[in-house]
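Asker: Below: one structure in C-alpha coordinates.
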Amino acid sequence: MKPFFDLSVEEMKSYGYKIVDLIAEHYHELENKKPVTIASRQEMDSIFLQEAPEKGMPADKVLDFVMHKVIPNSNISSHPKAFSFVPGPSNFISTMADSLATGFNIFSGGWIVSPAAAELEIVIINWLLKMFNFPVKKGGGIFTSGGSMANLTALATARRIKCGNDFSKAVIYLSDQAHSSNIKAIRVLGFKKEQVKIIPTDLEFKIGINKLKNEIEKDQLEGKKPFCIIASAGTTNTGTVDPLDTLADICDKENLWYHIDGAYGGAAILSKKGSRTLQGIERADSLTVDPHKWFFQPYEIGCLLVKEASWLSNTFSEKPEYLRDIEGNESEINFYDYGIQLTRRFRALYVY
Ligand SMILES: Cc1ncc(COP(=O)(O)O)c(C=O)c1O
(Lines give C-alpha, C1' and ligand atoms only; values in the text may rest on other atoms or scores of the structure.)
Protein backbone atom coordinates (compact mmCIF):
# COMPACT_ATOMS: atom_id res chain seq x y z
CA MET A 1 0.00 0.00 0.00
CA LYS A 2 1.13 3.57 -0.80
CA PRO A 3 2.03 6.26 1.78
CA PHE A 4 -0.71 8.19 3.59
CA PHE A 5 -1.73 10.99 1.25
CA ASP A 6 -2.22 9.05 -2.01
CA LEU A 7 -4.67 6.34 -0.99
CA SER A 8 -7.50 5.43 -3.35
CA VAL A 9 -11.01 5.15 -1.91
CA GLU A 10 -10.73 1.33 -2.00
CA GLU A 11 -7.43 1.44 -0.16
CA MET A 12 -8.88 3.78 2.48
CA LYS A 13 -11.87 1.49 2.96
CA SER A 14 -9.86 -1.68 3.26
CA TYR A 15 -7.47 0.04 5.71
CA GLY A 16 -10.36 1.41 7.79
CA TYR A 17 -12.18 -1.96 7.86
CA LYS A 18 -9.02 -3.61 9.19
CA ILE A 19 -8.88 -1.10 12.03
CA VAL A 20 -12.58 -1.48 12.86
CA ASP A 21 -12.10 -5.26 12.96
CA LEU A 22 -9.14 -4.87 15.30
CA ILE A 23 -11.09 -2.59 17.66
CA ALA A 24 -14.18 -4.83 17.66
CA GLU A 25 -12.02 -7.89 18.41
CA HIS A 26 -10.30 -5.91 21.17
CA TYR A 27 -13.64 -5.20 22.87
CA HIS A 28 -14.73 -8.82 22.41
CA GLU A 29 -11.50 -10.25 23.84
CA LEU A 30 -11.01 -7.58 26.52
CA GLU A 31 -11.63 -9.82 29.55
CA ASN A 32 -9.07 -12.38 28.36
CA LYS A 33 -6.33 -9.82 27.90
CA LYS A 34 -3.65 -8.82 30.39
CA PRO A 35 -4.58 -5.36 31.73
CA VAL A 36 -1.13 -4.27 32.84
CA THR A 37 2.10 -3.93 30.86
CA ILE A 38 5.32 -2.62 32.28
CA ALA A 39 8.30 -1.55 30.18
CA SER A 40 11.40 0.46 30.92
CA ARG A 41 12.55 3.54 28.99
CA GLN A 42 15.48 1.51 27.70
CA GLU A 43 13.18 -1.18 26.29
CA MET A 44 10.93 1.41 24.64
CA ASP A 45 13.93 3.31 23.22
CA SER A 46 15.21 0.09 21.73
CA ILE A 47 11.95 -0.33 19.78
CA PHE A 48 11.00 3.22 18.86
CA LEU A 49 13.93 5.61 19.08
CA GLN A 50 15.06 6.64 15.60
CA GLU A 51 15.66 9.77 13.54
CA ALA A 52 12.63 11.30 11.79
CA PRO A 53 12.33 9.27 8.53
CA GLU A 54 13.06 10.92 5.19
CA LYS A 55 10.53 8.76 3.35
CA GLY A 56 6.98 7.68 4.18
CA MET A 57 6.25 4.08 5.12
CA PRO A 58 3.44 2.07 3.48
CA ALA A 59 0.29 2.40 5.59
CA ASP A 60 -0.08 -1.38 6.06
CA LYS A 61 3.43 -1.60 7.47
CA VAL A 62 2.64 1.21 9.91
CA LEU A 63 -0.48 -0.59 11.13
CA ASP A 64 1.41 -3.83 11.54
CA PHE A 65 4.11 -2.07 13.54
CA VAL A 66 1.51 -0.36 15.75
CA MET A 67 -0.34 -3.61 16.45
CA HIS A 68 2.86 -5.47 17.32
CA LYS A 69 4.82 -2.84 19.16
CA VAL A 70 2.63 0.07 20.33
CA ILE A 71 -0.65 -1.50 21.48
CA PRO A 72 0.92 -4.41 23.42
CA ASN A 73 3.11 -1.91 25.28
CA SER A 74 0.11 0.05 26.59
CA ASN A 75 -2.01 -0.72 29.65
CA ILE A 76 -5.69 -1.42 29.07
CA SER A 77 -7.38 0.98 31.48
CA SER A 78 -10.81 -0.01 30.10
CA HIS A 79 -10.19 -3.62 31.23
CA PRO A 80 -12.77 -4.77 33.81
CA LYS A 81 -9.87 -5.72 36.09
CA ALA A 82 -7.98 -2.43 35.70
CA PHE A 83 -7.86 -1.80 39.43
CA SER A 84 -4.33 -0.45 39.58
CA PHE A 85 -5.18 3.02 38.24
CA VAL A 86 -8.21 5.29 37.77
CA PRO A 87 -10.39 3.24 35.39
CA GLY A 88 -11.41 4.61 31.98
CA PRO A 89 -14.03 2.09 30.88
CA SER A 90 -15.00 3.64 27.47
CA ASN A 91 -17.46 1.88 25.09
CA PHE A 92 -17.50 0.79 21.45
CA ILE A 93 -20.17 3.17 20.08
CA SER A 94 -18.45 6.26 21.50
CA THR A 95 -15.18 4.92 20.12
CA MET A 96 -16.78 4.90 16.67
CA ALA A 97 -18.23 8.38 17.29
CA ASP A 98 -14.72 9.52 18.13
CA SER A 99 -13.55 8.10 14.79
CA LEU A 100 -16.36 9.93 12.97
CA ALA A 101 -15.54 13.20 14.71
CA THR A 102 -11.90 12.81 13.72
CA GLY A 103 -12.70 11.43 10.26
CA PHE A 104 -14.87 14.38 9.36
CA ASN A 105 -12.52 16.64 11.36
CA ILE A 106 -15.37 18.72 12.72
CA PHE A 107 -14.36 22.03 14.32
CA SER A 108 -16.31 22.35 17.55
CA GLY A 109 -15.28 25.87 18.52
CA GLY A 110 -17.86 28.20 16.98
CA TRP A 111 -21.50 27.99 16.00
CA ILE A 112 -21.08 29.14 12.42
CA VAL A 113 -18.43 26.52 11.67
CA SER A 114 -20.57 23.66 12.87
CA PRO A 115 -23.97 24.45 14.37
CA ALA A 116 -24.78 20.77 15.00
CA ALA A 117 -21.64 20.28 17.10
CA ALA A 118 -22.46 23.37 19.20
CA GLU A 119 -26.09 22.30 19.56
CA LEU A 120 -25.16 18.77 20.69
CA GLU A 121 -22.81 20.23 23.29
CA ILE A 122 -25.62 22.51 24.53
CA VAL A 123 -28.05 19.57 24.67
CA ILE A 124 -25.72 17.26 26.60
CA ILE A 125 -24.60 20.02 28.96
CA ASN A 126 -28.33 20.55 29.68
CA TRP A 127 -28.73 16.82 30.43
CA LEU A 128 -25.84 17.03 32.87
CA LEU A 129 -27.14 20.23 34.46
CA LYS A 130 -30.46 18.44 35.10
CA MET A 131 -28.70 15.33 36.39
CA PHE A 132 -26.88 17.42 39.01
CA ASN A 133 -29.88 19.64 39.80
CA PHE A 134 -28.25 22.75 38.40
CA PRO A 135 -30.50 25.43 36.81
CA VAL A 136 -30.86 24.56 33.12
CA LYS A 137 -31.96 27.96 31.83
CA LYS A 138 -29.33 30.07 33.51
CA GLY A 139 -26.69 27.39 33.95
CA GLY A 140 -24.13 26.28 31.42
CA GLY A 141 -20.92 24.41 30.92
CA ILE A 142 -18.29 23.22 28.53
CA PHE A 143 -16.55 20.00 27.55
CA THR A 144 -12.82 20.02 28.19
CA SER A 145 -9.98 17.59 27.56
CA GLY A 146 -10.42 16.16 31.08
CA GLY A 147 -10.93 16.92 34.75
CA SER A 148 -7.68 18.87 35.06
CA MET A 149 -8.71 21.37 32.40
CA ALA A 150 -12.22 21.56 33.88
CA ASN A 151 -10.72 22.46 37.28
CA LEU A 152 -8.45 25.07 35.68
CA THR A 153 -11.39 26.56 33.78
CA ALA A 154 -13.45 26.63 37.00
CA LEU A 155 -10.78 28.36 39.07
CA ALA A 156 -10.03 30.94 36.37
CA THR A 157 -13.77 31.70 36.32
CA ALA A 158 -14.06 31.81 40.11
CA ARG A 159 -11.20 34.28 40.32
CA ARG A 160 -12.54 36.49 37.54
CA ILE A 161 -16.05 36.65 38.98
CA LYS A 162 -15.09 36.98 42.66
CA CYS A 163 -11.90 39.07 42.46
CA GLY A 164 -12.00 40.96 39.14
CA ASN A 165 -8.52 42.08 38.16
CA ASP A 166 -6.96 42.30 41.63
CA PHE A 167 -6.38 38.95 43.32
CA SER A 168 -3.39 40.00 45.38
CA LYS A 169 -5.20 39.29 48.68
CA ALA A 170 -7.31 36.36 47.50
CA VAL A 171 -7.09 33.07 49.41
CA ILE A 172 -8.29 29.65 48.24
CA TYR A 173 -8.98 26.61 50.48
CA LEU A 174 -8.81 22.90 49.71
CA SER A 175 -8.08 19.72 51.65
CA ASP A 176 -4.90 17.67 51.69
CA GLN A 177 -6.86 15.02 49.75
CA ALA A 178 -8.00 17.32 46.92
CA HIS A 179 -6.72 16.21 43.52
CA SER A 180 -3.31 17.51 42.45
CA SER A 181 -4.82 19.07 39.30
CA ASN A 182 -6.36 21.74 41.54
CA ILE A 183 -2.95 22.68 42.89
CA LYS A 184 -1.58 22.70 39.34
CA ALA A 185 -4.43 24.98 38.25
CA ILE A 186 -3.80 27.33 41.18
CA ARG A 187 -0.11 27.49 40.23
CA VAL A 188 -0.87 28.07 36.55
CA LEU A 189 -3.16 30.94 37.56
CA GLY A 190 -0.27 32.63 39.33
CA PHE A 191 -1.36 32.47 42.97
CA LYS A 192 1.46 32.65 45.50
CA LYS A 193 2.03 29.82 47.97
CA GLU A 194 0.64 31.86 50.87
CA GLN A 195 -2.64 32.35 48.98
CA VAL A 196 -3.37 28.62 49.10
CA LYS A 197 -4.53 26.98 52.34
CA ILE A 198 -4.28 23.19 52.44
CA ILE A 199 -6.66 22.06 55.18
CA PRO A 200 -5.85 18.76 56.95
CA THR A 201 -8.48 16.03 56.72
CA ASP A 202 -10.14 14.11 59.58
CA LEU A 203 -9.98 10.37 60.27
CA GLU A 204 -12.40 9.71 57.38
CA PHE A 205 -10.26 11.79 54.97
CA LYS A 206 -12.90 14.55 54.86
CA ILE A 207 -11.85 18.19 55.00
CA GLY A 208 -11.53 19.34 58.64
CA ILE A 209 -14.44 21.76 59.01
CA ASN A 210 -13.28 23.47 62.22
CA LYS A 211 -9.78 23.89 60.86
CA LEU A 212 -11.24 25.38 57.68
CA LYS A 213 -13.43 27.84 59.60
CA ASN A 214 -10.48 28.88 61.77
CA GLU A 215 -8.29 29.52 58.73
CA ILE A 216 -10.97 31.61 57.03
CA GLU A 217 -11.51 33.68 60.17
CA LYS A 218 -7.79 34.16 60.66
CA ASP A 219 -7.31 35.28 57.06
CA GLN A 220 -10.20 37.73 57.32
CA LEU A 221 -8.72 39.24 60.49
CA GLU A 222 -5.41 39.65 58.67
CA GLY A 223 -7.14 41.62 55.89
CA LYS A 224 -6.91 38.87 53.28
CA LYS A 225 -9.76 37.99 50.95
CA PRO A 226 -10.99 34.39 51.21
CA PHE A 227 -12.70 33.77 47.85
CA CYS A 228 -13.02 30.07 47.06
CA ILE A 229 -13.39 26.61 48.61
CA ILE A 230 -12.66 23.49 46.58
CA ALA A 231 -14.50 20.39 47.78
CA SER A 232 -13.93 16.83 46.60
CA ALA A 233 -16.88 14.69 45.51
CA GLY A 234 -14.84 11.53 45.55
CA THR A 235 -11.16 11.88 46.40
CA THR A 236 -8.84 9.93 44.12
CA ASN A 237 -7.03 8.19 47.00
CA THR A 238 -10.05 6.82 48.89
CA GLY A 239 -13.26 7.95 47.14
CA THR A 240 -14.19 10.08 50.16
CA VAL A 241 -16.83 12.76 49.64
CA ASP A 242 -16.38 15.98 51.62
CA PRO A 243 -19.38 17.27 53.65
CA LEU A 244 -20.86 19.09 50.67
CA ASP A 245 -23.83 20.73 52.42
CA THR A 246 -21.76 22.00 55.32
CA LEU A 247 -19.22 23.49 52.93
CA ALA A 248 -22.04 25.11 50.94
CA ASP A 249 -23.30 26.72 54.18
CA ILE A 250 -19.82 28.15 54.83
CA CYS A 251 -19.58 29.49 51.27
CA ASP A 252 -23.02 31.11 51.59
CA LYS A 253 -22.16 32.70 54.93
CA GLU A 254 -18.74 33.98 53.85
CA ASN A 255 -19.66 34.81 50.25
CA LEU A 256 -17.12 32.39 48.79
CA TRP A 257 -17.09 30.65 45.41
CA TYR A 258 -17.93 26.98 45.82
CA HIS A 259 -16.12 24.64 43.43
CA ILE A 260 -16.68 20.89 43.66
CA ASP A 261 -14.29 18.52 41.96
CA GLY A 262 -16.51 15.57 41.06
CA ALA A 263 -14.17 14.18 38.41
CA TYR A 264 -13.76 10.91 40.27
CA GLY A 265 -17.12 10.42 42.01
CA GLY A 266 -19.65 12.74 40.35
CA ALA A 267 -21.15 10.04 38.11
CA ALA A 268 -22.34 8.20 41.24
CA ILE A 269 -25.27 10.68 41.20
CA LEU A 270 -26.95 8.18 38.84
CA SER A 271 -27.35 5.63 41.65
CA LYS A 272 -29.68 6.05 44.65
CA LYS A 273 -26.91 5.50 47.19
CA GLY A 274 -24.54 7.78 45.27
CA SER A 275 -27.06 10.60 45.06
CA ARG A 276 -27.55 10.42 48.85
CA THR A 277 -23.78 10.56 49.38
CA LEU A 278 -23.52 13.51 46.98
CA GLN A 279 -26.28 15.48 48.70
CA GLY A 280 -25.36 19.17 48.42
CA ILE A 281 -23.51 18.86 45.09
CA GLU A 282 -26.27 20.96 43.52
CA ARG A 283 -25.18 23.92 45.67
CA ALA A 284 -21.81 24.34 43.93
CA ASP A 285 -21.11 27.41 41.79
CA SER A 286 -18.98 25.21 39.56
CA LEU A 287 -18.69 21.45 39.26
CA THR A 288 -16.13 19.30 37.47
CA VAL A 289 -17.26 15.93 36.16
CA ASP A 290 -15.23 13.61 33.98
CA PRO A 291 -17.13 11.63 31.34
CA HIS A 292 -13.96 9.70 30.44
CA LYS A 293 -14.09 8.06 33.86
CA TRP A 294 -17.38 6.67 35.24
CA PHE A 295 -19.53 7.89 32.33
CA PHE A 296 -17.82 5.28 30.14
CA GLN A 297 -16.49 7.66 27.47
CA PRO A 298 -13.16 7.38 25.62
CA TYR A 299 -10.34 9.79 26.52
CA GLU A 300 -10.33 12.90 26.27
CA ILE A 301 -13.52 14.33 27.67
CA GLY A 302 -14.02 16.23 30.90
CA CYS A 303 -16.76 18.70 31.71
CA LEU A 304 -17.30 21.85 33.73
CA LEU A 305 -20.81 22.86 34.81
CA VAL A 306 -21.58 26.32 36.22
CA LYS A 307 -24.65 27.91 37.79
CA GLU A 308 -24.56 30.85 35.37
CA ALA A 309 -23.32 30.42 31.80
CA SER A 310 -22.50 34.15 31.62
CA TRP A 311 -19.70 33.59 34.18
CA LEU A 312 -17.83 31.61 31.53
CA SER A 313 -18.31 34.12 28.71
CA ASN A 314 -17.40 36.98 31.07
CA THR A 315 -14.14 35.18 31.85
CA PHE A 316 -13.06 33.82 28.47
CA SER A 317 -14.58 35.95 25.69
CA GLU A 318 -12.05 37.63 23.42
CA LYS A 319 -13.06 39.18 20.12
CA PRO A 320 -10.36 39.58 17.48
CA GLU A 321 -11.64 40.94 14.15
CA TYR A 322 -11.90 37.60 12.39
CA LEU A 323 -14.07 36.15 15.16
CA ARG A 324 -16.24 39.28 15.35
CA ASP A 325 -17.03 38.68 11.69
CA ILE A 326 -18.66 35.34 12.45
CA GLU A 327 -20.73 36.36 15.48
CA GLY A 328 -24.31 35.13 15.33
CA ASN A 329 -27.09 35.87 17.78
CA GLU A 330 -26.61 35.28 21.50
CA SER A 331 -28.40 31.93 21.64
CA GLU A 332 -25.90 30.49 19.13
CA ILE A 333 -23.15 29.61 21.56
CA ASN A 334 -19.52 29.77 20.47
CA PHE A 335 -17.78 27.42 22.87
CA TYR A 336 -14.49 29.21 22.29
CA ASP A 337 -16.09 31.97 24.42
CA TYR A 338 -16.66 29.53 27.31
CA GLY A 339 -13.15 28.20 27.85
CA ILE A 340 -9.48 28.30 26.93
CA GLN A 341 -9.47 26.34 23.64
CA LEU A 342 -10.38 27.90 20.31
CA THR A 343 -10.01 24.87 18.05
CA ARG A 344 -11.81 22.03 19.79
CA ARG A 345 -12.59 18.46 18.80
CA PHE A 346 -16.23 17.31 18.61
CA ARG A 347 -16.40 15.63 22.03
CA ALA A 348 -20.17 15.95 22.36
CA LEU A 349 -20.58 13.32 19.64
CA TYR A 350 -19.16 10.55 21.79
CA VAL A 351 -21.59 11.24 24.63
CA TYR A 352 -24.64 11.74 22.39
C1 LIG B 1 -10.77 13.97 41.72
C2 LIG B 1 -10.03 14.16 40.43
N3 LIG B 1 -9.96 15.40 39.92
C4 LIG B 1 -9.30 15.65 38.77
C5 LIG B 1 -8.69 14.63 38.09
C6 LIG B 1 -7.95 14.94 36.81
O7 LIG B 1 -8.71 14.52 35.74
P8 LIG B 1 -8.04 14.25 34.30
O9 LIG B 1 -7.08 13.14 34.50
O10 LIG B 1 -9.24 13.87 33.48
O11 LIG B 1 -7.41 15.51 33.85
C12 LIG B 1 -8.73 13.32 38.57
C13 LIG B 1 -8.06 12.20 37.86
O14 LIG B 1 -7.97 11.11 38.32
C15 LIG B 1 -9.44 13.07 39.78
O16 LIG B 1 -9.52 11.84 40.30
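Asker: What relative contact order, as a whole-number percentage, does the chain give when Cα pairs under 8 Å and 6 or more residues apart are counted?
Answerer: Numbers: 576 pairs, mean separation 83.1, N = 352.
With pairs under 8 Å counted, the relative contact order is 24 percent.
Asker: Considering amide H positions built from the backbone, and no H for Pro or chain starts, which residues 5 or more places from Ile301, or on another chain, come under 5 Å of its amide H?
Answerer: Distant-sequence amide H within range of Ile301: His292.
Asker: Moving on. Per 0.36 nm of contour for each residue apart, how much would the distance between Asn105 and Lys319 grow if the chain were fully extended, relative to their Cα-Cα spacing?
Answerer: Additional length available on full extension: 74.6 nm.
Asker: Whenever you get a sec, compute what percent of the accessible area on the chain sits on carbon and sulfur atoms (1.4 Å probe).
Answerer: Details: 10960 of 19450 Å².
Of all accessible area on the chain, carbon and sulfur atoms account for 56 percent.
Asker: Follow-up question, since we're still on this one. Can you divide the C-alpha Rg of the chain by 2.2 N^0.38 Å and report the result to two decimal places?
Answerer: For the chain, the normalised Cα radius of gyration is 1.11.
Asker: Run the simple label-point estimate for Lys253 and Ala39 please: 7 Å along Cα→C-beta, distance reported in nm.
Answerer: Here the answer is 5.6 nm between the modelled labels.
Asker: If you plug each phi of region 93-100 into the Karplus form 6.51 cos²θ - 1.76 cosθ + 1.60 with θ = phi - 60°, what whole-Hz ³J(HN,Hα) values come out, in order, with x for Gly and Pro?
Answerer: Running phi through 6.51 cos²θ - 1.76 cosθ + 1.60 with θ = phi - 60° gives 5, 5, 4, 5, 5, 4, 5, 5 Hz.
Asker: For the chain, what is the accessible area per residue in Å² when the probe is 1.4 Å?
Answerer: Per-residue accessible area for the chain comes out at 55 Å².
Asker: What is the helix-to-structure angle for 9-29, meaning the angle in degrees between its Cα long axis and the longest Cα principal axis of the chain, kept from 0 to 90 and rounded to the nearest 10?
Answerer: 60
Asker: Could you give me the ³J(HN,Hα) list for region 290-296, computed from phi with Karplus coefficients 6.51, -1.76, 1.60 and θ = phi - 60°, whole Hz, x at Gly and Pro?
Answerer: For region 290-296, the Karplus-derived couplings read 9, x, 7, 9, 6, 8, 6 Hz, x marking Gly and Pro.
Asker: Next up: What length, rounded to one decimal in nm, is gained on full extension from Ser114 through to Leu7, with 0.36 nm per residue of separation minus their alpha-carbon distance?
Answerer: 35.8 nm
Asker: Please compute the contact order of region 244-300 in relative form: average sequence separation of alpha-carbon pairs under 8 Å and at least six residues apart, divided by the residue count, as a percent.
Answerer: Numbers: 64 pairs, mean separation 23.1, N = 57.
Contact order relative to length: 41 percent.
Asker: Let me ask something else. Using modelled amide H (1.01 Å from N, peptide plane; none on Pro or chain starts), what sits under 5 Å from the amide H of Lys225, excluding residues fewer than 5 places away?
Answerer: Amide H to amide H, under 5 Å and 5 or more residues apart or across chains, Lys225 pairs with Ala170, Val171.
Asker: Tell me the relative contact order for region 4-85 as a rounded percent, counting alpha carbon contacts under 8 Å between residues six or more apart.
Answerer: Numbers: 28 pairs, mean separation 39.9, N = 82.
This gives 49 percent for region 4-85.
Asker: I need the shape label for region 4-85. Rule: rounded when a/c is under 1.5, else prolate if a/b > b/c, else oblate, with a, b, c from the alpha carbon gyration tensor.
Answerer: oblate
Asker: Additional query: Compute the distance from the alpha-carbon center of region 299-352 to that of region 25-56, in whole Å.
Answerer: Here the answer is 36 Å between Cα centres.
Asker: What are the ³J(HN,Hα) values, in whole Hz, obtained from phi via the Karplus relation 6.51 cos²θ - 1.76 cosθ + 1.60 with θ = phi - 60°, for each residue of region 273-281 in sequence order, with x given for Gly and Pro?
Answerer: Computed from phi, the couplings for region 273-281 are 5, x, 5, 5, 5, 8, 3, x, 5 Hz.
Asker: Considering only the chain, what is the antiparallel percent among its DSSP beta bridges, to the nearest 5?
Answerer: Around 40 percent antiparallel, to the nearest 5.
Asker: Would you mind checking which residues have amide H under 5 Å from Asp176's amide H? H placed 1.01 Å from N; only 5 or more apart, or other chain.
Answerer: The answer is Ile199, Thr201.
Asker: Please name whichever of Pro80, Ala59, His28 sits farthest to the positive end of the charge dipole of region 4-85, dipole taken about the Cα centre and charges placed at Cβ: Lys and Arg +1, Asp and Glu -1.
Answerer: Highest projection toward the positive end goes to Pro80.
The values are calculated or read from the model by the stated rules, or taken from the named source; none is laboratory data. Computed from a predicted structure; not experimentally measured. Note: ideal-geometry Cβ built from the backbone for every residue, glycine included; neighbour counts use all protein chains shown. Surface areas here come from the heavy atoms of the whole protein model, side chains and all, with no ligands, DNA or RNA. Shrake-Rupley method; radii C 1.70, N 1.55, O 1.52, S 1.80 Å.
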